[in-house]
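No lab work stands behind these numbers, since they all come straight from the coordinates. From a predicted model like this one, the values you see are computed outputs, not experimental measurements. Cβ placement follows ideal geometry from the backbone for every residue including glycine, while neighbour counts extend to all protein chains displayed.
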Amino acid sequence: MQMFISNLASPLGDFLLVSDAQKTVRALDFLDHKARLHRGSREHYDSVVFVEVCTPPEITEAFTLYFSGELEILGDLRTEIPGTEIQLRIWGALSAIPVGTTTTYGNLAKELGIDDPREALDIGAAVGANSVAIIVPCHRVIASNGVLKGYPWGIHRKRWLLEHENVITPNQPTLPGI
């Protein structure tokens, strides 16, 4: 399978963007997590050939607008991520978390009808397996005590994104009332 890979600059560090011929985002990972992107691509696709290209202008524009404060814009980008049935359900639920809000792992499990604690572990695993940073907003999931944890690209980036989306203020250690 042929896919296109490009670099995309951001205030959080450069991204590696994987897209297909229809400009559907297949993966978005930070450049300093390049090995994770390649490992995930090998796991999800039998064979993949990356062709280096310039980032599609509409994707570049969406990210420019997002980082300039138009926080809803990334929801307009098309994504396609291979995964298990439960992963796809969880990623769909992540995509439904409104900008400017957070949810907890427990609330996400309840929303999906998962009551069994063993199944609830799938929530954290699927959130961590998200291969499309920021567009599928796993940064909006926090611990029930308000602590920011569990972000594959680093807690410093999760904090920055939540500050950018006006969920927390700088230096706020937790989210109160969770």
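Annotations
- Exactly one residue out of GLY128, GLY124 is closer than 17 Å to ARG39 by Cβ, of a type outside the set (Lys, Arg) and touching a residue at least 12 places away in the same chain (Cβ under 8 Å), and it is GLY128.
- Within this structure, ALA35 fails the test of being aliphatic (A, V, I, L, M) and either under 26 Å from GLU163 (Cα atoms) or buried (at least 17 other Cβ atoms within 10 Å of the Cβ) (or both).
- Selection of the range 1-54 for residues being under 21 Å from CYS138 (Cβ atoms), touching an Asp or Glu at 6+ places or on another chain (Cβ under 8 Å) and part of a loop (DSSP other than H, G, I, E, B) yields GLY13, THR24.
- Residue check for GLU72: among the acidic types (Asp, Glu) and more than 26 Å from LEU31 (Cα to Cα): no
- Residue within the range 15-22 that is closer than 20 Å to ARG159 by Cβ and surrounded by 21 or more Cβ atoms within 10 Å (Cβ to Cβ) present: yes
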